[in-house]
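Following: one structure in structure tokens, then a few remarks.
The values are calculated or read from the model by the stated rules, or taken from the named source; none is laboratory data. Note that this is a predicted model, so its numbers are computed, not measured. As a convention, Cβ positions derive from the backbone with ideal geometry for all residues, glycine included, and neighbour counts pool all protein chains shown.
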């Protein structure tokens, strides 16, 4: 016969078994309810970092969160917090969500500086590279290319560099503007036309030394001209023409059509007075102004020593350089081509009598003038260009044009919280364990 | 570069060619004072090049040399440039100047020739023969056989003074120095009006020299 001490636990076993059975049944019922009731998830808030959309989602896995985002009820506003200007891919994703019927509420902790960047590299005799950053005046912008950091400058700015690697990046306060470096390869054959003189000698020398291929037609006598190469102005052959004066009328007459077709022309001094060039010149030549005696030998302003035929610019001309209030160089576009009109005469004096670097400076100056107008072949659309289409040279402008600018809100957005929801698998386990325990306890009680 | 017929417009002024004779410290730089007048006369007679009516004399060591991209140097006597002259000559040639040197002795290996070529070689490196097919001989008049001979070379005495080629120094395909043993200094020193009695007026080669300098 069992003692009273042994009988007491056995009396409690049925009670415990009953409790476990109740728990098990309840858990099973809740599990069945959870399985039968669809989840109602909140729309998660979105945080954008560069090209990544980070969902402040309580749903565990990003895939579920994205699915939730996409499947959210149309009309439900998505809260989007921007850490900076989104990259193009992220902007386009947001645009797609907005297009799917979800209004976007963009916000950011600080204003986004609207910067834009562009870069180009000119190959050939006048090889150069330059980068332009536009933006609110004074914005400090860090500039880099694919090879590394270049400089920090205040926008807007123009940076000239010896070379630029394939891609440029400008950064300012969370905004990252990227652009490909466009390579321009102008034609390199030039026709020089004018009378035989020191200017013709030294212009040809400067251009040839810089790497240009020079054809020349130089008037010497009433029926004699010195010719070098092909002297018929030809769009298929020449990238640019230089008219040194009013001589060589056949060339002057061909210049308007040549420029209309995309060629470039440099009109020097009195050449612009030619009636053949009235339609393409940047302006009328003014009265000749004598250069400052000896100034061509100065390092700072050597062209002050040259005689100047000022350019009285027309409405469509752009002044490039001036001297004492008179326009010395002006440019104009004429249909597909460009014209630059140079008022300086006898630039050879600068090269001969200038400072130590005058020959090189004179060479660079002439080469740049010609490169500025020389015909450029159309840019080939390469695979690399297509890849570069994913770059955004002006991300804030893109954002404004695509979605709209964010509201500046100092406080961060609290992530959306989902209501509590039981986990069916856990409940199923609890139900099974509880019912199994109840059965075991009843067996023990019955045996006793 | 070749010269061919072409109908052009009147030449403008402002970039005027002035014949410059080089004055140097040693020797007799002024041994041929009429050369300038003869060359100017020929250039004005045959071309539309805007040429100053009289020549000028430029000291070799002077910055004024840089205002005359073509300069003429002649003499009979031995030549020794001063350091300043040598420096300025190097600067002048480096910037694109062209120096035409003529040995007024019309001999072979004379004192002017030996000393002047030595001085020039110190600035430009050794002088080399200019091919007789060079553009210099076609820049205006055609000299199919190279530099025209002078009456001093063809004096009939059988002393074999004919120099077949001129000498020169080039950089990047451009002549910087042209050196002549042919004594054009004597031939180009006739009074311009008397040249009409010459069977061959070789001052025409002076026109070629000027046109070449202005176009190359």
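Data overview
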item	result
Subset of segment B:172-216 (residues that are free of Cβ contacts under 8 Å to residues at least 60 places away in the same chain and either within 14 Å of chain A (Cβ to nearest Cβ) or out of contact with any helix residue (DSSP H, G or I) (no Cβ under 7 Å at 6 or more places or on another chain) (or both))	B:172, B:173, B:187, B:193, B:194, B:196, B:197, B:198, B:199, B:200
Residues that are over 16 Å from the mean Cα position of the chain (by Cα), outside any loop (DSSP other than H, G, I, E, B) and closer than 18 Å to residue A:84 by Cβ, drawn from segment A:146-180	A:152
Residue list for segment A:77-129, filter: touching a helix residue (DSSP H, G or I) at 6+ places or on another chain (Cβ under 6 Å), closer than 30 Å to residue A:364 by Cβ and surrounded by fewer than 20 Cβ atoms within 10 Å (Cβ to Cβ)	none
Residue count, segment B:44-65 (criterion: touching a strand residue (DSSP E or B) at 6+ places or on another chain (Cβ under 8 Å) and facing chain A (nearest Cβ under 10 Å))	7
Considering residues of segment A:322-347 that are within 19 Å of residue A:191 (Cβ to Cβ) and not in a strand (DSSP E or B) only, the residue farthest from the other protein chains (Cβ to nearest Cβ)	A:336
Residue in segment A:181-194 that is over 23 Å from residue A:280 (Cα atoms) and either modelled with pLDDT of 95 or more or part of a loop (DSSP other than H, G, I, E, B) (or both) present	yes
Failed condition for residue B:141, given (1) within 14 Å of chain A (Cβ to nearest Cβ); (2) free of Cβ contacts under 8 Å to residues at least 24 places away in the same chain; (3) in contact with a helix residue (DSSP H, G or I) (Cβ under 7 Å, 6 or more places away or on another chain)	(2)
Conditions (1) touching a strand residue (DSSP E or B) at 6+ places or on another chain (Cβ under 6 Å); (2) in a helix (DSSP H, G or I); (3) more than 14 Å from every other protein chain (Cβ to nearest Cβ); number of the one not met by residue B:115	(1)
Where residue A:174 falls short, out of the listed (1) at positive phi; (2) within 14 Å of chain B (Cβ to nearest Cβ)	(2)
Strands (runs of 3 or more DSSP E) wholly inside segment A:202-317 that include at least 3 residues being within 14 Å of another protein chain (Cβ to nearest Cβ) and out of contact with any helix residue (DSSP H, G or I) (no Cβ under 7 Å at 6 or more places or on another chain)	A:213-221, A:224-228
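Residue by residue, here is whether (1) at pLDDT 95 or above; (2) closer than 23 Å to residue A:262 by Cβ; (3) buried (at least 21 other Cβ atoms within 10 Å of the Cβ); (4) not assigned by TED's automatic domain parsing to the domain that holds residue A:350 holds:
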residue	(1), (2), (3), (4)
A:280	no, yes, yes, no
A:290	no, no, no, no
A:293	no, no, no, no
A:296	no, no, yes, no
A:301	no, no, no, no
A:305	no, no, yes, no
